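These notes are about the structure you will find just below.
The values are calculated or read from the model by the stated rules, or taken from the named source; none is laboratory data. This is a predicted model, so every value here is computed, not measured. We place every Cβ from the backbone using ideal geometry, glycine too, and count neighbours over all the protein chains shown. With ligands, DNA and RNA removed, areas are computed over all heavy atoms of the protein, side chains included. Shrake-Rupley method; radii C 1.70, N 1.55, O 1.52, S 1.80 Å.
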Amino acid sequence: MPDSLGRDIRALRKSRNLTLSVLAAKLGRSVGWMSQVERDLSEPSMREIKDLARAFDVPVQTLFGHAPAPEGEEGRIVRATARRPIGHRASGLAEELLSPDLTDDFEVVHSTFAPLARRDTSVSRPTQEVGYILSGTLDLTIEGTTHRLNPGDSFRIRGEPFFWVNPNNTPCIAIWVIAPPVY
C-alpha cells in the first residue's frame, strides 16, 4: 500500500468539496475511521478501497494500482512501468497519472485517445487545464468552438464545457496539467 494513500484520499475528498462527515456517511463509516485512513493510521481493506473509488468516481487503480517505488524515489520519481491508471473511464481514453501522487496543487496526466474515439457529451470541471499534443490529432471543442490540434500544439481550458474527438486511425497522445487535482 503506498504511503501516500491517505494523502491521495484527502486530496480527492477536498477536490470534490466533501467534508470528512459527508464522505464517512457515504461509506457507512465513522468520521474517526475516515480521519485515521487519511492520516495513514488505518489501512482500508480492498472492499473499502473499492467503496472509496466508487464514492470518488475513479478507477480502483487510482487508489491501489501502482508499483512500489525503489528506495529514494517514493514521492519523487514515477517510472513508466509504475504509472497509475486514472480518469473517469471514458470509452476510447486511457489516462495515467504522471505525478507521484495527488497531493500537489496540480496533477500531470498522460492521455491516450484511441483511433476514432470520441466523447460526445461535454464535460465541465472546476479546474484550469493545460494540454500538449505529443502525437496524433485531436479535435477539441471548447464552449462550442472546435480546434484541430496536432503534435506540438497546446491548449488551455478554464472550467469551460469541452469534448473531444480523435478523427484519425492512429492514437493521439497528450500530456495534461490539471489544477486542482480532480482524479
Handout entry: Sparse-neighbourhood loop sites, GluC sites (Glu not before Pro) in the stretch 19-76 - DSSP loop, at most 12 other Cβ within 10 angstrom
Key = Glu71
Practice task
Starting from the exponent 0.38 and prefactor 2.2 Å, build the expected Rg for the stretch 1-105 from its residue count and divide its actual Cα Rg by it.
Solution key: 1.05
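Checking a compactness column here: for the chain, what do you get for Rg(Cα) / (2.2 N^0.38 Å), N being the number of residues?
Here the answer is 1.08, to two decimals.
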Practice task
With all protein chains present, calculate the accessible area of Trp176 using a 1.4 Å probe and round the result to the nearest 10 Å².
Solution key: 10 Å²
Fill in the blank from the handout: Length gained, Arg158-Asp40, 0.36 nm per residue minus C-alpha separation, equals 39.2 nm
Handout entry: Heavy atoms of Asp51: accessible area, 1.4 Å probe, square angstrom to 10
Key = 40 Å²
Exercise for the section: Heads up, I need the accessible area for His110: 1.4 angstrom probe, whole protein in place, Å², nearest 10. Expected result: 30 Å²
Exercise for the section: Would you mind counting up the charge near Asn168? Only other residues with Cβ under 13 Å from its Cβ, with Lys and Arg at +1 and Asp and Glu at -1. Expected result: +1
Fill in the blank from the handout: Mean separation of Cα contacts under 8 Å (at least 6 apart) over the residue count of the stretch 38-183, i.e. the relative contact order in percent, is 23 percent
Fill in the blank from the handout: Given trypsin sites (Lys or Arg not before Pro), DSSP loops and at most 15 other Cβ atoms within 10 Å, the longest exposed-site-free stretch of the chain is 90-183
Completion exercise
Each label sits 7 Å from Cα toward the beta-carbon; between Ala179 and Glu71 the label points are separated, in nm, by 3.6 nm
Fill in the blank from the handout: Mean 1/r over distinct Cα pairs of the stretch 125-183, inverted to a Kirkwood Rh in Å, yields 11.7 Å
